[in-house]
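Colleague: Shown below is the structure under consideration.
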Amino acid sequence: MKELRIATRESRLALWQAEHVATQLRAAHADLHADLRVVLVPMTTTGDQVLDRTLAQIGGKGLFVKELELALADGRADIAVHSMKDVPSVLPDGMVLTCMLERADPRDAFVSRHYARFADLPHNAHVGTASLRRQSQLLALRPDLRISPIRGNVETRLRKLDEAQFDAIVLASAGLTRLGLAERITEYLTVEDSVPAAGQGVIGIECNHDALATRELCAALNDNDAADCVLAERAFAARLEGSCQSPIAAYASVHGAELLLTGLVAATDGRVVIRDQLRGPRTHHAQLGKQLAERVLARGADKLLAALRT
């Protein structure tokens, strides 16, 4: 293989992630595949185009990856680079996640021009977020807040904050850091106060299951810690049939030969929050995610999710 084509969204963050993968691939194969040419194939997804409605209203985060997967299926690209928090729990037939890069900071970022901490927000403050997961957890902490959806790329969201449309916004710290905007972060929310989305902070690579040579090339970039954690988180979300249309959160951390997995399901108004933890062998990551999902379902998560779907 002399050319590897990377399907990517056209946002500045997505292009940064794709170029980061390209650079890593070139470095990893500089000796054996010195003639390898890695090129980007930018494209606009439905999730990028439709900005006047929430993600839940237009079908979920899968709209950020669908066009990239079609490019893989019809041979216009060899791999697709994703933020793992945007990838649906179930992949299309014939597709596989071939590797996951080292995890960046998984925490949510509180960004405000006037308030140094989330706790400093005044009564009835206006907060913007694109995520029902964040909305439910923020309201659980502060039921007095006004939460409104905010769409668009990172720069667009920051501009809306600077124009005083919001008192604060909450978004993934990893994206801000990758764009050189870490100085805009006012406070990092703890993973206890705001449990991250499954896969948050991890860049993943998807390709056709039968593309064995491509999968072998990408395997050199795989980070075992990130992969084990994200697979446990995704197994939790998959059992719950979770998407960004559901306030579902999952975060795993490595402790020697074990994973500690936290899972959460909440009502969108934050009045009901079901949270649990489970520790187990990291080699059994998928089983760990499923077991934890069964525990939260038994505690009432099934009723919460059923109400959301109706």
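Colleague: Given a 1.4 angstrom probe, I'd like the percentage of the accessible area of segment 224-304 that is carbon and sulfur, rounded to a whole number. Could the numbers behind the result be given before it?
Modeller: Numbers: 1700 of 3520 Å².
With neighbouring chains kept in place, the figure for segment 224-304 is 48 percent.
Colleague: Search the structure for amide H atoms under 5 Å from the amide H of residue 99, placed 1.01 Å from N in the peptide plane, and list their residues when 5 or more places away or on another chain.
Modeller: It is 205, by chain and number.
Colleague: Measuring with a 1.4 Å probe in the full set of protein chains, what accessible area per residue, in whole Å², belongs to segment 224-294? Mind showing how you got there, number by number?
Modeller: Working: 2910 Å² over 71 residues.
Dividing the accessible area of segment 224-294 by its residue count gives 41 Å².
Colleague: Gain in length, residue 164 to residue 287, computed as 0.36 nm per residue apart minus the alpha-carbon separation, to one decimal in nm?
Modeller: Answer, rounded to one decimal: 39.7 nm.
Colleague: Using 0.36 nm times the number of residues separating residue 190 and residue 253, minus their current alpha carbon distance, what extension gain do you get?
Modeller: Numbers: separation 63, 0.36 × 63 = 22.68 nm, distance 1.36 nm.
The span from residue 190 to residue 253 would gain 21.3 nm if fully extended.
Colleague: Moving on. Within 12 Å, Cβ to Cβ, of residue 281, how many net charges do the neighbouring residues add up to if Lys/Arg are +1 and Asp/Glu are -1? Write out the running numbers ahead of the final one.
Modeller: Numbers: positive: 279, 282; negative: 228, 258.
Result for the neighbourhood of residue 281: 0.
Colleague: Based on the Cβ-Cβ distance of residue 32 and residue 144, what FRET efficiency does E = 1/(1 + (r/R0)^6) give at R0 = 51 Å, to the nearest 0.05? Write down the numbers at each step before the final one.
Modeller: On the way: r = 59 Å, r/R0 = 1.16.
After rounding to 0.05, the efficiency reads 0.30.
Colleague: A further question follows. Could you work out the local net charge near residue 225, counting Lys and Arg as +1, Asp and Glu as -1, over the other residues with Cβ closer than 9 Å to its Cβ? Kindly include the intermediate steps, with their values, before the conclusion.
Modeller: Details: positive: 103, 282; negative: 102, 223, 228.
That sum, taken over residues with Cβ under 9 Å, equals -1.
Colleague: Can you list the HN-Hα couplings for segment 189-194, worked out from phi with the Karplus curve (6.51, -1.76, 1.60; θ = phi - 60°), rounded to whole Hz and with x for Gly and Pro?
Modeller: Coupling constants for segment 189-194: 6, 5, 6, 7, 6, 9 Hz.
Colleague: May I ask you to list the lysines whose Cα is less than 26 Å away from that of residue 290, ignoring any residue fewer than eight positions away on the same chain?
Modeller: 61, 66, 85, 303
Colleague: Right, next: For the chain, what is the charge dipole size about the Cα centre, in debye to the nearest 20, if Lys and Arg each add +1 at the Cβ and Asp and Glu each add -1 at the Cβ?
Modeller: Working: 37 positive and 39 negative charges, 154 e Å.
Charge dipole, the chain, about its Cα centre: 740 debye, nearest 20.
Colleague: In nanometres, what is the gap between the two model label sites at residue 70 and residue 241, each 7 Å from Cα along Cα-to-Cβ?
Modeller: 2.5
Colleague: Using Cα springs under 10 Å in a Gaussian network model of the chain, which residue among 212, 278, 221 shows the largest mean-square fluctuation?
Modeller: Looking only at 212, 278, 221, the largest GNM fluctuation is found for 212.
Colleague: Over segment 75-209, give the accessible area per residue in Å² for a 1.4 Å probe, as an integer. Working shown, then result.
Modeller: Details: 5090 Å² over 135 residues.
I get 38 Å² per residue for this part.
Colleague: With a 10 Å cut-off between alpha carbons and a GNM built on the chain, which of 289, 256, 270 moves the most?
Modeller: 256
Colleague: Further question on the same structure: With runs of 4+ DSSP H residues as the only contributors, calculate the mean residue ellipticity of the chain at 222 nm using -39,500 (n - 2.57) per run, divided by the residue total and rounded to the nearest 500.
Modeller: Numbers: 11 runs with 102 residues, N = 310.
That calculation yields -9500 deg cm²/dmol at 222 nm.
Colleague: Follow-up question, since we're still on this one. Mind checking which of 211, 249, 257 has the largest fluctuation in a GNM of the chain, springs on alpha carbons under 10 Å?
Modeller: The residue with the greatest mean-square fluctuation here is 257.
Colleague: A further question follows. Considering only protein heavy atoms and a 1.4 Å probe, what is the carbon-and-sulfur percentage of the accessible area of segment 136-213? Provide the component values of the computation, followed by the final result.
Modeller: Working: 1550 of 2960 Å².
It is 52 percent, rounded to a whole number.
Colleague: When the chain is fully extended, how far beyond the present Cα-Cα distance does residue 102 get from residue 225, taking 0.36 nm per residue of separation?
Modeller: 43.5 nm
Colleague: Output wanted: per-residue J couplings in Hz (rounded whole) for segment 79-95, from phi through Karplus 6.51 cos²θ - 1.76 cosθ + 1.60, θ = phi - 60°, x for Gly and Pro.
Modeller: Computed from phi, the couplings for segment 79-95 are 9, 10, 9, 10, 6, 4, 5, 8, 8, x, 5, 10, 7, x, 4, x, 10 Hz.
Colleague: Sticking with this structure for a sec: Dipole of segment 241-283, Cα-centred, from +1 at each Lys and Arg C-beta and -1 at each Asp and Glu C-beta, to the nearest 20 debye? Let's see the in-between values first.
Modeller: Details: 4 positive and 4 negative charges, 23 e Å.
Taking the Cα centre of segment 241-283 as origin, the dipole is about 120 debye.
The values are calculated or read from the model by the stated rules, or taken from the named source; none is laboratory data. Since we're looking at a predicted model, the values are computed, not measured. Virtual Cβ from ideal backbone geometry, glycine too; neighbours counted across all protein chains shown. We work out accessible area using only protein heavy atoms, side chains counted, and drop any ligands, DNA or RNA first. Shrake-Rupley method; radii C 1.70, N 1.55, O 1.52, S 1.80 Å.
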